[in-house]
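Okay, so here's the structure we're looking at.
The values are calculated or read from the model by the stated rules, or taken from the named source; none is laboratory data. Being a predicted model, the structure only gives us computed values, none of them experimental. Using ideal geometry, Cβ is built from the backbone for each residue, glycine included, and neighbour counts are taken over all protein chains shown. The area values use the complete protein model at the heavy-atom level, side chains included, leaving out ligands, DNA and RNA. Shrake-Rupley method; radii C 1.70, N 1.55, O 1.52, S 1.80 Å.
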Amino acid sequence: MTRLSVTERRILLLEAAARVIARKGLAETSTRAITDEAGMPRGMFHYCFKSKDELLEQLIQHHVTDMVEAACAAWDGERDLAENLRLGLRVILGIGMGDTAVQMLSYELLLHALRGTETAFIARNQYADYARQAGEYLQWIADKAGVRWTVSQPALSRLTSVVIDGSMLNWLADRDSEKALAALDAFATMLLSITAPLDGGADQQQN
């Protein structure tokens, strides 16, 4: 049998945790259930993660990373910036719509963290990571399109993460995809309005 690295074991445990949570919910997901699902000895969990909270943080971060990577992959140089902004946001929301178990987990984890003084840092880290990844995506867009944002990057990163997160939560409540996508399209139009060309000339929105 091939010996797995710690990184490979962590990935297997993350995947197992997502399956267990989807079946049982966060409250019923124990480290024992996760290792059993992954087919690993129970002691292996703490070899890979310090705690269940650390694993849950990593699970959410990986999910958001997948969203951002998918949005970047959807970029099409034949489309203008306006179309690419709309498409990228729609792709991000679409992934969330397609994996409601992880989306529900993110909100369950938030509430779980906020209820304890010793776990509040998890909620802060969760939203700091949302803003960080939003900021990296916005910078990637600006570099790709040859433009700059005319508002501060920290403010825009936070705003973007709030809009996406709020849109996802609203959709989980009403499941109205048409309204959710229309709201994101409106946000894409707003984002377009706060871009400016790097050289002071016409916007470079094709590449």
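Things worth noting here:
- Taking E57, E15, E178 in turn, the Gaussian network model of the chain (Cα-Cα springs below 10 Å) assigns the largest fluctuation to E178.
- Summed residue charge, Cβ within 14 Å of I95's Cβ, Lys/Arg positive, Asp/Glu negative: -3
- For region 87-157, size of Cβ-based charge dipole, Lys and Arg +1, Asp and Glu -1, in debye: 220
- Estimated FRET transfer efficiency (H46, T100; beta-carbon r; R0 30 Å; 0.05): 0.50
- Chain lengthening between A182 and E15 when straightened (0.36 nm per residue, less Cα-Cα): 56.9 nm
- Candidate lysines for bridging to K52, where Cα separation is under 23 Å - those fewer than 8 sequence places away on the same chain excluded: K24
- A run of the chain free of exposed loop cleavage sites, with trypsin sites (Lys or Arg not before Pro) counted only in DSSP states other than H, G, I, E and B and at most 15 other beta carbons within 10 Å, reaches its longest extent at 116-174.
- Computed from the Cβ-Cβ distance with R0 of 25 Å, the FRET efficiency linking Q153 to S5 stands at 0.10.
- Using a probe of 1.4 angstrom and keeping all protein chains present, the accessible surface of region 1-124 works out to 53 square angstrom per residue.
- Both radii are taken from the alpha-carbon atoms of region 1-119; with Rh as the Kirkwood radius, Rg/Rh is 1.07.
- The candidate values are (i) 139; (ii) 121; (iii) 157; the one derived from this structure for volume of the Cα convex hull per residue in Å³ carries the label (i).
- To put it simply, the accessible area of the chain at a 1.4 Å probe is 54 percent carbon and sulfur.
- Helix-only mean residue ellipticity at 222 nm for the chain, each DSSP H run of n ≥ 4 adding -39500 (n - 2.57), per residue, nearest 500: -24500 deg cm²/dmol
- Per-pair calculated FRET efficiency, R0 = 22 Å: L172 and D129 via Cβ, rounded to 0.05: 0.65
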